[in-house]
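Below is one structure. I have some questions about it.
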Amino acid sequence: MTESTFIAPEQVGVLGGGRMGAGIAHAFLLAGSRVGIVERDADAAEAATARVLESIDASVARGTALDSPEAYRARLTTGTDAALFAQCTLVVEAVPEDLALKVDALRRVEAQIAPDAAIASNTSSISIDELAAVLDRPSRLLGMHFFNPVPASTLVEIVHGASTAPALVDAARGWVAAIGKTPIVVADAPGFASSRLGVAIGLEAIRMLEEGVASAEDIDAAMTLGYKHPVGPLRLTDIVGLDVRLGIAEYLSAQLGERFEPPALLRRLVAEGHLGRKSGRGFYEWDASGREQK
Ligand SMILES: NC(=O)c1ccc[n+]([C@@H]2O[C@H](COP(=O)([O-])OP(=O)(O)OC[C@H]3O[C@@H](n4cnc5c(N)ncnc54)[C@H](O)[C@@H]3O)[C@@H](O)[C@H]2O)c1
């Protein structure tokens, strides 16, 4: 168990045990919670179990998880029935980023949990107010935006909607601290804090490259050496995926105006299939194993 003066909920539910859900389950297991994962079918449930156990084994091997693998396994349950969430204090929703899917999923969760239990959506872009509007108890919903990969990321954005209970925001801060991560509290605004700022810098870097202000390497060095960013904005765009960044920029420009309008260079590279590391080329060249070619 991780040392902390904050206590993780005894029972945590995770809806959708994919990349993020498995990481979230892993984080709460390490902090001592019992975790139940609900997936869409039996095969997906089995895959989710395997994902969580693999990362538990890795944490045990690294010495960052102090219990035995068996002890963590004994606290993990997976299934396909949301009734698994009946005893949970907190259920984190991590199904794919699709409004209709999330609405359906959240209603299903709300029908199974206690009236004072909390639901957190791990959405990266959907409005918490929009999701809360479909629930009977909107005050019990908030956003908990985890970062990928969850085990290596220490930030969690807690997103409060207009109707989120203030006491729930306080409780969520404690839960995030209990899993050894740092919470920041953000209002329900497009892109929250992280995507909005990160994408703003990324888009400006692309515009600077487009205008011939400096080379990609020099623009990145301005931020890594000048501002101590761990990765420059163009290299980061390659790692995230140019198509992913374009999608977020289109969403933010629709919500927040033309300052997020995607630069023509970004649109052109995506149209040509240059998506960054995953396609071998973006602002830099990458080999098949995902290493940058110098
Ligand atoms: N991947 C990232 O970098 C990242 C970062 C932050 C937030 N997010 C957000 O996290 C959420 C999940 O993303 P992900 O990358 O883990 O996706 P993913 O596709 O890896 O996982 C989604 C999981 O949900 C399951 N699922 C689908 N429909 C379901 C249903 N009706 N009931 C139960 N389970 C269902 C799928 O089987 C899958 O295992 C999205 O909202 C995404 O925007 C993703």
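The values are calculated or read from the model by the stated rules, or taken from the named source; none is laboratory data. Source: prediction; values computed, not measured. Heads up, the Cβs are rebuilt from the backbone with ideal geometry, glycines too, and the neighbour counts pull from every protein chain shown. For the accessible areas, the whole protein counts, side chains as well, though only heavy atoms, and no ligand, DNA or RNA atoms are used. Shrake-Rupley method; radii C 1.70, N 1.55, O 1.52, S 1.80 Å.
What pairs come out if I take residues in the stretch 252-263 that are touching a residue at least 60 places away in the same chain (Cβ under 8 Å) and pair them with residues that are assigned to a helix (DSSP H, G or I) and open to solvent by 20 Å² or more (accessible area, probe 1.4 Å) whose C-beta lies under 6 Å away, six or more apart or interchain?
Hits for this filter: Phe260/Ser253; Pro263/Arg207; Pro263/Glu210.
So that you can scan it fast, the table gives a plain yes or no per residue for (1) under 22 Å from Arg137 (Cα atoms); (2) within 8 Å of the ligand (Cβ to nearest atom); (3) within 22 Å of the chain's Cα centre (by Cα):
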residue: Arg40; (1), (2), (3): no, yes, yes
residue: Asp43; (1), (2), (3): no, no, no
residue: Thr49; (1), (2), (3): no, no, yes
residue: Ser55; (1), (2), (3): no, no, yes
residue: Ala71; (1), (2), (3): no, no, no
residue: Arg75; (1), (2), (3): no, no, no
residue: Phe85; (1), (2), (3): yes, no, yes
residue: Arg107; (1), (2), (3): yes, no, yes
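May I pose another question? Could you list all residues from the stretch 260-294 that are in a strand (DSSP E or B) and surrounded by fewer than 20 Cβ atoms within 10 Å (Cβ to Cβ)?
Arg281, Glu285, Trp286, Glu292
Right, next: Search the stretch 75-96 for residues that are of a type in the set (Lys, Arg) and pair each with any residue that is at pLDDT below 95 and open to solvent by 30 Å² or more (accessible area, probe 1.4 Å) when their beta-carbon atoms are under 9 Å apart and the residues are at least 6 apart or on different chains.
Once the first residue is of a type in the set (Lys, Arg) and sits in the stretch 75-96, its partners that are at pLDDT below 95 and open to solvent by 30 Å² or more (accessible area, probe 1.4 Å) give Arg75/Asp67.
Looking at the stretch 111-122, can you tell me whether even one residue there is near the ligand (Cβ under 9 Å from one of its atoms), at pLDDT below 95 and among the hydroxyl-bearing types (Ser, Thr, Tyr)?
no
Name the pairs whose Cβ atoms lie under 7 Å apart, with the first residue in the stretch 37-59 and in contact (Cβ under 8 Å) with a residue 12 or more places away in the chain, the second of a type in the set (D, E, K, R) and within 13 Å of the ligand (Cβ to nearest atom), and 6 or more positions between them or separate chains?
Note: pairs meeting the criteria are Val38/Asp81; Ala45/Glu39; Ala48/Glu39.
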